[in-house]
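Below is one structure; the comments refer to it alone.
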Amino acid sequence: MPQIESLPVGAGYMHQSDRATINITKAEGDTLYLTATCDSLQREYLRLEEELLRFRDSSTHESVSLMTRGPTGWQSFWIYFGKFSAIIFSFVLIIKMKKSNSSFC
């Protein structure tokens with residue numbers, strides 16, 4: 001590190017070993033910028049980024065198609081049956097409450 005500390009501001013050091021490279025650049029004060037690259041890591045990063053983009057595209061298409069689709073016939077039947085049953089139950093409950101209130105008066 002003494003060699004790097006003696007470098008002027010803006011100067012740097014680079015070392016390469018096979019496909020790996022490291023760059024160290026001195027900034028003002030005690031600040032050093034370190035950048036390391038490796039070809040195999042870059043390839044893996046790009047592959048994973050492409051896979052992520054494909055996954056996002058496919059999940060967007062699926063979610064859009066699921067959101068635009070309405071309930072099936074059988075689901076619609078149970079939805080309407082439930083609504084109709086709730087209305088009938090409400091009327092029966094109101095009628096029973098009125099009968100019980102009129103008997104107390």
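The values are calculated or read from the model by the stated rules, or taken from the named source; none is laboratory data. None of these values were measured; they are calculated from a predicted model. Heads up, the Cβs are rebuilt from the backbone with ideal geometry, glycines too, and the neighbour counts pull from every protein chain shown. Keep in mind that these areas ignore ligands, DNA and RNA; they rest on the heavy atoms of the full protein, side chains included. Shrake-Rupley method; radii C 1.70, N 1.55, O 1.52, S 1.80 Å.
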- [ ] Using label points projected 7 Å from each Cα along Cα→Cβ, tell me how many nm separate A36 and R69, to one decimal.
- [x] 4.8
TODO: On a 0 to 90° scale, report how tilted helix 39-68 is relative to the longest principal axis of the chain, with both axes built from alpha carbons and the result rounded to the nearest 10.
DONE: 20
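Tell me the mean residue ellipticity at 222 nm calculated for the chain from its helices only (DSSP H runs of n ≥ 4, each -39500 (n - 2.57), averaged over every residue, nearest 500).
On the way: 3 runs with 66 residues, N = 105.
One gets -22000 deg cm²/dmol as the mean residue ellipticity at 222 nm.
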- [ ] Could you state the angle between the C-alpha long axis of helix 73-104 and the longest principal axis of the C-alpha atoms of the chain, as a value from 0 to 90 degrees rounded to the nearest 10?
- [x] 50
TODO: Using only the C-alpha atoms of the chain, find the volume of their convex hull and express it per residue in Å³.
DONE: 274
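Give the ranking of E50, E28 by solvent-accessible surface, highest area first, calculated with a 1.4 Å probe.
On the way: E50 105, E28 145 Å².
Final ranking, largest accessible area leading: E28, E50.
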Open item on the list: In whole percent, and with a 1.4 Å probe on the protein chains, what portion of the accessible area of the chain is carbon and sulfur?
Closed with: 64
Open item on the list: Taking the solvent-accessible surface of protein heavy atoms with a 1.4 Å probe, what is the per residue accessible area of the chain in Å²?
Closed with: 91
